[in-house]
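Single-structure report; data block below.
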Amino acid sequence: MTDFHLHISGTLGLLLGVCLAAGVFADLLYLPKVTAYLLVGLLVGPSLLDWVPGEHLEMLEPLLMLAMAIVLFNLGSEFTFTKFRRVAKRCLVLSAAEIFATATLVTVGLLMFGASPSMALLLGCLAVATAPATTILVLKEFRSEGPVTESTGFLVAMNNFACILMFEFGFLAIQLIQGKMETPLGEQLLSVVTDIVGSCLLGIAGGLLVSYGCGLLNSKRWLVLLVATTTFLLGLTESLHIPYLLTFFVMGVTVANTSDYKSKIADELDHLSGLLAVLFFAVHGTGLDIGQFLAAGILGAVYIVFRIAGKWIGVYVAARVTKQPMEVRHWLGACLMAQAGAAIALSAIAVQRNPELGKPVQDIILGSVVLFEIIGPLLIRKSLLETGEVPLAQAINHTTRTPMEQFRSVVDRFRSSMDGREIAPSKNSRVKVSDLIRKTSGIHQSANFDEVVDHIEHSHDNTYPVVDDKFSVVGVIRYPLLSDVMFDLSASTLVRAEDLISVSDVILHPDEPATRAFELFQNETDDCIPVVTRNNPSELLGVVRRSDVVHALISQRRNKR
């Protein structure tokens, strides 16, 4: 009998199957699914069970690149020029401080513990990178919204752009110092600039093609157009040896600013990106090597500690100096810890260019990725919960049934199908209002008109609670009623928040069931309702959004079927 060799289609099915099981356990253990996929990949990979042949992982590489490209496209498509200017106004200083602190602390820390200047400089540049796929997909999984979520997307984009530039120019500096420059410095600089400009131009061309095509074609053909454009551009970037990360981010930005259908385009890609994301993290999990993590030794530990410190301290100091909200100061840095794709790819390039320098750098990067890819999603989840930018029910969304209860449900469903009877759904809800709260401090009644507008610009709602000095709700401001004031040039000096409020007695308490919120929304046009404490005077805890209530109740009903 010949030796059994699993076909690549079997490997693909195996990875998807174990990820499906991992997703179930992630719900039960309250883990981000990204972490579960990485861990199960590590389990079936060479480090532990070794069920997946290495050649199969290489054959899946084009699919992984497609997954990364789609994630970067989705990230870029969030940034219209209007939003970019608004976010950049408060985040550019945070980004610059975080990049500088991370690169500096890692470089100095490694020098203190005996690393060579070239190795320390290169690792300092690579430490800046933040894994876009890991970070953005965790944010999407929890449907988070707020200043920390918005700032995270911006800083992730800036980190990877800065990392590519710093790596290229850092490598040139190392070659110049070591006297190993094979071509003149001017030619090397021109080559780097040409690659970056070429990458951006390809992204712009791809974005314009998608915007034009989606406006011309039936929406049923959009997915084919998107996949065709993305895969073709991937091939071009690989053939031309230019950084594809930048190409697809620019492509997304181009679509965001040239298409009326950017939201629908992103929704079309969601049909594909969910499956590719599962495969992406499972395969990356198989590449995590516990042995390399241990072999990284003291320098690996130094790199990990100083990278964590740099990202957190850089954001905290800059946020405090610029008087950013407490949530941003304490939790934004924790959302930037994940590291994988960009750093791994650049470390591989370093090995190709200079094996003697690049190999130890690559060993430390591959070893530290084991930790960063596991703790990164956990820190993001913790940050989102602490800042109130994701409802608790969204972060803890799992079935309430035991395996035996699910078996009985299947039998009952079969019997009802045979008898022609429909099973009446339960009206009991285990979801409480406290599970759906999105934290907000509201608008103080003495806030001037500019402060009200600033709050509205950073909100995704159309109803805004107004509070007094004791944080008691004195009314709400409704966006439609502001239209008459918006164009009054004297509004910014004469109008206060208390002049804009509408009295509303519709409130919720945290211990009430979600069905109570659903009942109130049936009689309201507002998209959110304030949640207050029961003590007297009551204090604003946050708001419950109509979409979160509906999502939670639908999920609960599906789990009970």
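Computed values, structure above
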read-out: 0 to 90° range, to nearest 10: angle between helix 117-126 axis and the chain longest Cα axis; value: 30 degrees
read-out: Violating pairs (Cα-Cα greater than 20 angstrom) within the set 33/140; 33/311; 311/359; 432/470; 33/382; value: 33/311; 311/359; 432/470
read-out: Sorted peptide list for 208-220, 352-364, criterion being average Cβ within 10 angstrom, highest first; value: 352-364, 208-220
read-out: Share, in percent, of DSSP beta bridges within the chain that are antiparallel, nearest 5; value: 80 percent
read-out: Farthest positive-ward along the chain dipole, Cα basis, beta-carbon charges - from 477, 467, 14; value: 14
read-out: Helix-only [θ]222 nm of the chain, DSSP H runs n ≥ 4, -39500 (n - 2.57) each, per residue, nearest 500; value: -22000 deg cm²/dmol
read-out: Cα-based Kirkwood hydrodynamic radius, the chain, one decimal, Å; value: 25.8 Å
read-out: Whole-Hz ³J(HN,Hα) from phi, Karplus 6.51 cos²θ - 1.76 cosθ + 1.60, for segment 155-160, glycine and proline x; value: 5, 4, 4, 5, 4, 6
read-out: Cα gyration tensor category, rounded, prolate or oblate, for segment 32-191 with a/c compared to 1.5; value: oblate
read-out: Most to least packed among 462-472, 153-163 [average Cβ atoms within 10 Å]; value: 153-163, 462-472
read-out: Proximal charge balance of residue 104 [Cβ under 14 Å; K/R count +1, D/E count -1]; value: +1
read-out: On Cα atoms only, tilt of 244-258 relative to the major axis of the chain in degrees; value: 30 degrees
read-out: Listed peptides 125-134, 378-387 by packing density, highest first (mean Cβ within 10 Å); value: 125-134, 378-387
read-out: Acute angle (nearest 10 degrees) that the helix 185-216 long axis makes with the longest principal axis of the chain, alpha-carbon atoms; value: 40 degrees
read-out: Volume in Å³ per residue [convex hull over Cα atoms, computed for segment 238-331]; value: 217 Å³
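Since every read-out is calculated from the coordinates, none of them should be taken as a lab result. All values reported here derive from a predicted model rather than from experimental measurement. A quick note on method: Cβ atoms are made from the backbone with ideal geometry, for glycine too, and the neighbour counts reach across all protein chains shown.
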